[in-house]
Amino acid sequence: LDRIGPVNYKGLLTPWEEPTDAFYMYRSYYADKNTEPMVYIVSHTWPNRWMKPGIKDSIYVYSNCDEVELFNDLNGSSLGRKKKNGIGTHFQWDQVNIQYNVLYAVGYVNGKAVARDVIVLHHLPQSPNFKQLYANAKPLTKPTAGYNYIYRINCGGPEYKDENGNVWKADKGFATSWTKDFPELPINFASQRRIFSPIKGTNDWKLFQDFRYGKDKLSYEFALPDGEYLVELYFIEPWLGIGGGINATGMRLFDVAISDKIVLNDLDIWKEAGTNAALKKTVKAKISAGKMVISFPESKSGQAIISAIAIASTNKGITTKSTSSFISGLSCENCKERNWLDIGQQQYSNEAIQFNSLPSNLFGADWIQLNNKTQKQTVSFVPTTELDIFLAVKKSATQPPAGELTKTELITDEESNTGYNVYRKRYAKDEKVTLTIDQNVVLAFLPVNKMQPAYDLKPITSYRTNIAIISEAVVKDSVNGRLCTVIKSNAETIIQWPVQTGVGDIYSITMKYYYPKEEPLKAKLQLFDAGGNRMIDEAVQFTFTRVGKWNQFTVNTGSQINAGNYVVKLVAENGVELAISGIEIQ
């Protein structure tokens, strides 16, 4: 032990000790020496960090080992070995030549390799020893002889063809979760995640890299005739124990039930397989009432998690339910309907161009994939529900499509310097959609829902003092260092702003103000359309504001208003000394 006191530190006091008591602090290395060695490359959730090979900076590795060596391949292309620079510091590599799609770190204690971590990157050439990541792979997805496979579901992910040529359906129309209690939310995207780490023990990484997670409200339902079935359940532990350093036994512990009967009790994925390693469980189950429900009734620790489900029967006559689609009658040449749009996917089926960056609302969208970038054709289909159609158009394209500009961007590794502008147009159910797409266009679509868009997808427009229309009782002045309008009379006073909305949507109006009086001031905030029709007449209140500060309040239109020109009016009486710096429309 090293004595480093005395110090005063309230965090060490017991309830009966005085804050003035002095304590000697001791620093112990005992716990550190008995912690399992670990090494972690920052970060596993950032596979799209580089688009091209070359000299790179700021590659971080966290480790409690004495030394760490970083490689750009499996046991090859060393980027150098570094020594620990004290407790609480990280290992860092700058000005290193990154040529391949693998970062591999090895931690050493007393010169012995004791911990390892690896990540796979998008966009870069495959490393020479990449196939070593598939060492000891087992044919987990090989069908059991004598069985007719009715359902194969890639939980939380798109359609996938495994190493045996079997097709796993996209996870659409089978799962339910907590979103069933909230009709405005898109149910397919609830409790879904994916990782990009290599998966040990299988060649079918993509089947295991996406998954659903949850507790008692997560379940899967399959229409099936009564009888006995073979059920294959596939799992990984995606987070606990990455890079070593922890015994994660019991940290994720859950049950699996089929039609209310427990078939797996206290499943501990990490204890059985480790981190990011495939685990398969096969059970037999009898069902009645024409359906099979797979649920997770108890989680003693953490949350349940599942990557894939397969259901089979010895009855050869049972057929599968088709995966639900948001469109019908797709007409195009050499193009395909795809699900679960994500970074790292190929933009074209026969070319290696990948998506690098997507607007947040397009993650998980359905989309149309062309054969190659030289292909140009007309695509038509009919929505089976009300759809938002998104067209991402290269910024270099000369002709913008019909629809509203969303002010978001899509980027591929071919268009890293220019990217695509994203437009949106809404189509009714059964309204035929006909669009021309080529190498300049990415076409995606989502069912319309009532969920508000992400905050960063809702642009804010500010309207300040310079455009405010004021009456004689109002002057333009400066308060707290900010230009504003100030009311100078107790008579009824009106301040108004001409505003413009670019798209049909629900809008909020935020007003920023300064009011030095203790007694709250009541007023009205109104919204009028171009024809003078009153859309909002909201009672508002201005409260005391401390000197040097500004307050604000927000109201919204409550329902969708059209794109166009409007007028926002503030109507106040007895409002002397009220200062308004402006409004924001979002």
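FYI, it's all coordinate maths here, none of it is from the lab. No experiment lies behind these values; they were computed from the predicted model shown. All Cβ positions, glycine included, derive from the backbone under ideal geometry; neighbour counts span all protein chains shown.
Key figures for this structure:
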quantity: Three-way shape label, region 124-177, alpha-carbon gyration tensor, a/c 1.5; calculated: oblate
quantity: Label-zone membership for region 541-558, site Thr510, 7 angstrom Cα→C-beta point, backbone N under 14 Å; calculated: 550-556
quantity: Directionally averaged shadow of region 359-423, computed from the convex hull of its alpha-carbon atoms, nm²; calculated: 5.5 nm²
quantity: As computed over region 507-584, the Cα convex hull volume per residue (Å³); calculated: 87 Å³
quantity: Under 23 Å from the Cα of Lys458 - lysines, other chains or at least 8 residues apart; calculated: Lys394, Lys395, Lys407, Lys425, Lys450, Lys512, Lys569
quantity: Stretch gain in nm, segment Ser478-Gln399, where the contour uses 0.36 nm per residue and the Cα spacing is subtracted; calculated: 23.9 nm
quantity: Peptides 59-65, 290-296 ordered by average Cβ neighbours within 10 Å, highest first; calculated: 59-65, 290-296
quantity: Candidate lysines for bridging to Lys316, where Cα separation is under 20 Å - those fewer than 8 sequence places away on the same chain excluded; calculated: Lys142, Lys169, Lys284, Lys286, Lys291
quantity: Region 538-563 versus region 324-401: alpha-carbon centroid distance in Å; calculated: 40 Å
quantity: Residue-averaged 222 nm ellipticity for the chain, from DSSP H runs of 4+ at -39500 (n - 2.57), nearest 500; calculated: -500 deg cm²/dmol
quantity: Inter-label distance for Gln346 and Lys549, nm, one decimal - labels placed 7 Å from Cα along Cα-to-Cβ; calculated: 5.9 nm
quantity: Set of aspartates and glutamates with alpha-carbon distance to Lys83 below 12 Å, sequence-local pairs under 8 removed; calculated: Asp66, Glu67, Glu69
quantity: Computed label-point distance, nm, for sites Lys524 and Glu298 using a 7 Å Cα→Cβ extension; calculated: 6.2 nm
quantity: Per DSSP, loop GluC sites (Glu not before Pro) in region 449-540 with at most 13 further Cβ within 10 Å; calculated: Glu472, Glu492, Glu518
quantity: For Asp266, residues with placed amide H under 5 Å, excluding near neighbours; calculated: Phe254, Asp255, Val256
quantity: q = 0.10, 0.24 Å⁻¹: log10 I(q)/I(0) that the Debye formula gives for region 96-208, counting C-alpha atoms only; calculated: -0.48, -1.34
quantity: Net lengthening on full extension, Ser58/Thr461 (0.36 nm per residue, minus Cα-Cα); calculated: 141.4 nm
quantity: Equivalent ellipsoid semi-axes - Cα gyration tensor, region 55-94, angstrom; calculated: 18, 12, 7
quantity: Lone cysteines, the chain (no partner Cβ under 4.7 Å); calculated: Cys65, Cys155, Cys484
quantity: Three-way shape label, region 167-278, alpha-carbon gyration tensor, a/c 1.5; calculated: prolate
quantity: Region 67-133 - convex hull of the alpha-carbon atoms, volume per residue in Å³; calculated: 97 Å³
quantity: Spatial extent of region 253-394: Rg and Dmax, with the Cα atoms as the point set, Å; calculated: 20.5, 54
quantity: Where labels lie 7 Å past Cα in the beta-carbon direction, separation of Phe130 and Ala539 in nm; calculated: 6.7 nm
quantity: Equivalent ellipsoid, region 408-491 (semi-axes from 5 times Cα gyration tensor eigenvalues, Å); calculated: 46, 20, 12
quantity: Integer Hz, Karplus 6.51/-1.76/1.60 couplings in order for region 126-134, x for Gly and Pro; calculated: 5, 6, x, 9, 4, 5, 5, 5, 9
